[in-house]
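J.: Pasting a structure here, questions to come.
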Amino acid sequence: MAQLIGRKKALAVEPAKASQPVGATLAFMGIEGAIPMLHGSQGCTAFTKVFFVRHFREPIPLQTTAMDQVSTVMGGDDNITEGLNVLCSNEQTRVVGLVTTGLTECQGSDVHRVVRQFRENYPQHAQTEVITVNTPDFSGALESGYGRAVGAFIRSWVPEERMALLQRDSQRINILVGPNLTPGDIEALKDIVQEFDLNPIVMPDISRSLDGHLNDSEFSPVTTGGATIEDFKKASYAHATLVIGSGMNICADLLKERTGVEDHRFESLMGAGAMDRLLMLLSKLSRKPVPSRYTHQRKQYQDALLDTHFFLTRRKVAIAGDPEMLLSWHPFFMECGLDPVAIVSSMGSNELKASPYETVKIGDLEDLQDMAQSSEADLFIGNSHVAELAERNHSPILRAGYPLYDQIGAQSRCWIGYQGGCQALFDLANLMMHREKHGLEPYRSPYRVEPAVNDQPQEEQTHEQFTASSQGG
């Protein structure tokens with residue numbers, strides 16, 4: 001069980017987290033035909049939009065209620081109604097996500113009441129779903145905001161019905177994924193499930209909307225891929241549910257309560273242990289043997305462990321991120337011999353408290369720097385803000401998490417499975433190899449006779465020195 005050390009400072013120096021509205025926006029990006037609308041000032045929305053545009057390098061559909069000083073004091077109900085009317089008037093819009101911010105939460109805005117009034121006054125927009133999510137900036141982090149949005153999807157769309165075994169689709173597998181998985185991770189996970197002739201339904205699914213592809217149309221005001229509302233409505237027909245990430249536990253409880261579908265939970269899919277468990281589970285659910293390609297990939301991962309252990313064993317690592325990210329890395333650390341000595345989390349959680357880490361600091365990047373220096377960490381793992389810290393300390397950094405604005409292709413990076421583990425091992429080993437001097441020192445025999453001082457060759461005199469000494473003599 002880990003010891004969680006809380007904050008004691010009056011302010012955050014170089015914050016290590018993104019806010020809840022950012023996480024809720026990410027969840028809506030995994031719903032087809034959706035557009036989030038942040039209820040707050042234009043700056044709140046601009047920050048979120050820039051955050052994702054720099055990370056994914058893709059256009060992000062996002063709107064705002066544009067609260068100003070008057071509406072902040074007098075109330076922003078009209079802003080919500082006008083914004084919903086505009087967005088719902090678009091034929092391409094299927095889902096509007098009304099996400100609150102710190103400003104409107106402090107104001108006490110009742111967005112649920114405003115949406116009910118909007119439904120009464122604008123019946124022509126009944127076909128467009130409006131999902132409200134309360135995500136104040138001053139509590140939680142990206143992970144909890146994402147979880148709140150997914151919980152709202154389940155409460156709004158998944159009916160409370162329990163299907164008999166014969167009524168269920170034996171090929172359908174629900175997959176709840178946390179925000180720690182990249183579009184590349186989700187795509188790889190779906191490929192693995194399909195190898196067993198199963199049909200994976202990822203909820204929400206950002207592997208089709210934020211995977212970096214060119215659309216046939218030049219512009220779309222809403223997301224162009226992801227899970228559909230029908231995917232949620234038919235969740236009770238699934239044979240089983242896979243839950244990937246500790247941040248999805250509350251949502252998994254809610255989904256199981258409504259559908260009665262058995263779930264199987266994974267805190268991480270990094271490393272051989274988690275991947276072995278996933279493959280054996282899929283083999284049991286599908287009643288099919290594990291494809292031979294994964295046996296070969298497992299051997300490749302073992303060879304990568306052997307090749308890289310010279311550079312990684314007993315190396316000290318400092319890492320910062322949300323609880324789900326920290327928990328997903330721990331099994332990998334244990335397999336490759338890395339020693340996590342400095343761990344900083346953006347927020348606390350029960351899963352993090354029950355983790356095998358010894359000490360976890362809930363703090364900022366200043367705390368990470370202090371812990372890394374006192375424990376003499378050899379390398380860092382974290383987002384682009386951690387990269388700036390690592391560069392100041394002249395330490396190697398492996399970029400992971402949100403945001404990654406100084407690295408192209410972050411959305412397609414795959415961390416899970418044997419192949420994802422191999423690439424992570426190679427990247428870490430290369431960082432350590434380039435940092436240190438390697439090679440054998442020349443052998444010096446203990447019986448070597450050092451030359452006497454008088455036997456040292458004298459320096460040759462230059463022509464000017466010889467002429468000066470001759471004239472002087």
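J.: Regarding segment 397-405, can at least one residue be identified that is among the small types (Gly, Ala, Ser), touching a residue at least 40 places away in the same chain (Cβ under 8 Å), under 27 Å from residue 49 (Cβ atoms) and touching a helix residue (DSSP H, G or I) at 6+ places or on another chain (Cβ under 9 Å)?
T.: First pass over segment 397-405, keeping only residues among the small types (Gly, Ala, Ser): 400-401.
Next, only the ones that are touching a residue at least 40 places away in the same chain (Cβ under 8 Å) stay: 400-401.
When the remaining residues are screened for being under 27 Å from residue 49 (Cβ atoms), the result is 400-401.
Add one more test, that the residue is touching a helix residue (DSSP H, G or I) at 6+ places or on another chain (Cβ under 9 Å), and what stays is 400-401.
Yes, segment 397-405 contains at least one residue that is among the small types (Gly, Ala, Ser), touching a residue at least 40 places away in the same chain (Cβ under 8 Å), under 27 Å from residue 49 (Cβ atoms) and touching a helix residue (DSSP H, G or I) at 6+ places or on another chain (Cβ under 9 Å).
J.: Next up: What pairs can you find where one residue is in segment 68-79 and among the β-branched types (Val, Ile, Thr), the other is open to solvent by 50 Å² or more (accessible area, probe 1.4 Å) and modelled with pLDDT under 90, and their Cβ atoms are less than 9 Å apart, with a gap of 6+ or different chains?
T.: As it stands, the answer is 72/107; 73/107, since those pairs meet every condition given.
J.: Just the residues that are in contact with a helix residue (DSSP H, G or I) (Cβ under 8 Å, 6 or more places away or on another chain) and among the basic types (Lys, Arg), please, taken from segment 314-329.
T.: Across segment 314-329, the qualifying residues are 315, 316.
J.: Name the residues in segment 36-66 that are open to solvent by less than 10 Å² (accessible area, probe 1.4 Å) and either assigned to a strand (DSSP E or B) or basic (Lys, Arg) (or both), would you?
T.: 36, 37, 38, 39
J.: How about segment 147-169: which of its residues are in a loop (DSSP other than H, G, I, E, B) and of a type outside the set (Gly, Ala, Ser)?
T.: Of all residues in segment 147-169, those in a loop (DSSP other than H, G, I, E, B) come to 158-164, 168-169.
Selection gives 158, 159, 160, 161, 162, 163, 168, 169.
J.: Go through the residues of segment 26-33 one by one and say whether even a single one is closer than 28 Å to residue 75 by Cα, open to solvent by 10 Å² or more (accessible area, probe 1.4 Å) and outside any helix (DSSP H, G or I).
T.: Scanning segment 26-33, I find no residue that is closer than 28 Å to residue 75 by Cα, open to solvent by 10 Å² or more (accessible area, probe 1.4 Å) and outside any helix (DSSP H, G or I), so the answer is no.
J.: Among what's in segment 248-304 and is open to solvent by 40 Å² or more (accessible area, probe 1.4 Å) and of a type in the set (A, V, I, L, M, F, W, C), pick the residue that is farthest from residue 350 (Cα to Cα).
T.: Result: 290.
J.: Turning to a different aspect of this structure: Please enumerate the residues belonging to segment 209-236 that are within 22 Å of residue 51 (Cα to Cα) and touching a strand residue (DSSP E or B) at 6+ places or on another chain (Cβ under 9 Å).
T.: Matches in segment 209-236: 209, 221, 222, 223, 226.
J.: Picking from 326, 365, 338, which residue would you name as being open to solvent by less than 10 Å² (accessible area, probe 1.4 Å), in contact (Cβ under 8 Å) with a residue 40 or more places away in the chain and within 30 Å of residue 138 (Cβ to Cβ)? It would help to see each step written out before you state the result.
T.: Details: 326 fails: in contact (Cβ under 8 Å) with a residue 40 or more places away in the chain; 338 fails: within 30 Å of residue 138 (Cβ to Cβ).
Checking each option against the conditions leaves just 365.
J.: From the set of residues in segment 98-146 that are out of contact with any Cys (no Cβ under 9 Å at 6 or more places or on another chain), open to solvent by less than 10 Å² (accessible area, probe 1.4 Å) and assigned to a loop (DSSP other than H, G, I, E, B), which is nearest to residue 31 (Cα to Cα)?
T.: Ranking the candidates gives 135 first.
The values are calculated or read from the model by the stated rules, or taken from the named source; none is laboratory data. Fair warning: this is a prediction, and the values are worked out from it, not measured in the lab. No Cβ is skipped: glycine too gets one built from the backbone with ideal geometry, and neighbour counts run over all protein chains shown. In case anyone asks, the SASA skips ligands and DNA or RNA and just uses the protein heavy atoms, side chains included. Shrake-Rupley method; radii C 1.70, N 1.55, O 1.52, S 1.80 Å.
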